[in-house]
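Q: Here's a structure for you.
What follows is calculated from the coordinates using simple rules that are stated; it is not laboratory data. These numbers come from a predicted model, not from an experiment. Cβ atoms come from the backbone with ideal geometry, glycine included; neighbour counts cover every protein chain shown.
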Amino acid sequence: MSDDQQHQSGAPWRNFYGRIHGKTLNQAQKDYLEEDLPKLAPGPVTWEENPDREKLDLTARFGGKPVWLEVGFGAGEHLIHMAQSYPGVAIIGCEPYVNGVASCLGHIRRVGGLDNVAIHAGDARDLFDVLPDESLDKAFLNYPDPWPKARHHRRRFVTAEHLEPLYRALKPGAEFRVATDIPDYVRQTMEEVPRAGFEWLGESAEDWRKPWSDWFSTRYEKKAIREGRTPHYMTFRKN
Ligand SMILES: C[S@@+](CC[C@H](N)C(=O)[O-])C[C@H]1O[C@@H](n2cnc3c(N)ncnc32)[C@H](O)[C@@H]1O
């Protein structure tokens, strides 16, 4: 199907190459998805809920708090750590992998009382459509899918298709953090993120090696370190 073709809902056809389903969910996970996910929505994001792609009212939804975004939160460890560390900020996480979303919802239940997290259980591109311009104060991209084969590099998150709408949704001065363990992902990030308008805030490659002071190491990062790969941390700003 080509890019200008559409789903019946009116949604443009967007190829998604990652995993959406993993192991069969247990009953508790199904309950989290059914009971908690609707309450945690950032607003109407899907094409079925919002066919006219009206922009979300983030001020009404989050009471005027600064809003941060985490793309591809996996099981949500970093997302929840940030929400706990910064109660004065609201964080929207998006993640299409249902098993990851279910783990994150279980974690949110166990922590209890977190009122500054919202979850879009889907593709970041659908969320970008409905985020108002200059509405986000910070964005995180932690260990995006590496797509190691050269012919798959266009599937990486750090391509114009994702970076341009992300840039539009961030406020001037907002920070965009990227962590990856794949050297070629660093190369593509350093090429494509500045091309989308962001400025890299580092001065030398040394700056890649130090995590942010409020960083929370994810499951994916721990595995990468165990397997001998080196984390890289890159900070950009929208000017
Ligand atoms: C390698 S995992 C890392 C997960 C987590 N950030 C961590 O560090 O453990 C990458 C995640 O990005 C998600 N992802 C891929 N494409 C995405 C998209 N277009 N929008 C949102 N999430 C996406 C995948 O489903 C996957 O869970």
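Q: Which whole number in µm²/s is D for the chain by Stokes-Einstein, with the Kirkwood Rh taken over Cα pairs at 4 °C and 1.567 mPa s? Write out the running numbers ahead of the final one.
A: Details: Rh = 18.5 Å.
Once the numbers are plugged in, D ends up at 70 µm²/s.
Q: Now, a different point. Which residue, L105, L37, L127, tops the fluctuation ranking in a GNM of the chain built on C-alpha contacts under 10 Å?
A: L37
Q: Can you give the percent of C-alpha pairs in the stretch 76-117 whose distance is more than 16 Å?
A: Distances greater than 16 Å cover 29 percent of the Cα pairs.
Q: Only Cα pairs within less than 10 Å get springs; with that Gaussian network setup on the chain, which residue of V67, V193, V111 has the largest fluctuation?
A: Taking springs between Cα atoms under 10 Å, the residue moving most is V111.
Q: How big is the antiparallel share of DSSP beta bridges in the chain, given as a percent to the nearest 5?
A: Details: 10 of 29 bridges.
About 35 percent, rounded to the nearest 5.
Q: Picking from Q84, Q27, Q188, which is most flexible by a Gaussian network model of the chain using Cα springs under 10 Å?
A: Q27
Q: Please compute the length gained on full extension between E191 and V111, using 0.36 nm multiplied by the number of residues separating them and subtracting their Cα-Cα distance.
A: Details: separation 80, 0.36 × 80 = 28.80 nm, distance 3.89 nm.
So the extension gain works out to 24.9 nm.
Q: Return H232, H21, H107 ranked ascending by Cβ neighbour count within 10 Å, so the fewest neighbours appear first.
A: On the way: H232 20, H21 10, H107 16.
Sorted ascending by nearby Cβ count, the order is H21, H107, H232.
Q: Could you pull the Rg and Dmax for the stretch 68-201, using just the Cα atoms, both in Å?
A: When restricted to the Cα atoms of the stretch 68-201, Rg and Dmax are 14.7, 45 Å.
Q: Still on this model: Give, in nm to one decimal, the length gained when the segment between R61 and N15 is fully stretched (0.36 nm per residue of separation minus the Cα-Cα distance). Numbers along the way, then the final one.
A: Details: separation 46, 0.36 × 46 = 16.56 nm, distance 2.97 nm.
Value of the extension gain: 13.6 nm.
Q: To continue, here is another question. Using a Förster radius of 25 Å, what is the FRET efficiency between D207 and K171 based on their Cβ-Cβ separation? Nearest 0.05, please. Mind dumping the intermediate values first?
A: On the way: r = 23 Å, r/R0 = 0.92.
So the FRET efficiency works out to roughly 0.60.
Q: Here's another thing I want to ask about it. Along the principal axes of its C-alpha atoms, what lengths does the stretch 1-129 span, in descending order and rounded to whole Å?
A: 43, 37, 22
Q: Give the lysines reachable from K30 as a straight Cα distance under 28 Å; neighbours fewer than 8 places away on the same chain don't count.
A: Partners found: K39, K222, K223.
Q: Then there's this: Would you calculate, for the chain, the mean residue ellipticity at 222 nm contributed by helices, counting each DSSP H stretch of 4 or more residues as -39,500 (n - 2.57) and dividing by all residues, to the nearest 500? Walk me through the numbers before you get to the answer.
A: Details: 8 runs with 71 residues, N = 239.
The helix contribution divided over the chain gives -8500 deg cm²/dmol.
Q: What are the GluC sites (Glu not before Pro) within the stretch 105-184 that DSSP puts in a loop, where the Cβ has at most 15 other Cβ atoms within 10 Å? List each step's numbers first, then the result.
A: Details: sites: E134, E161, E175; in loops: E134.
Those that pass, being in a loop and sparsely packed, are E134.
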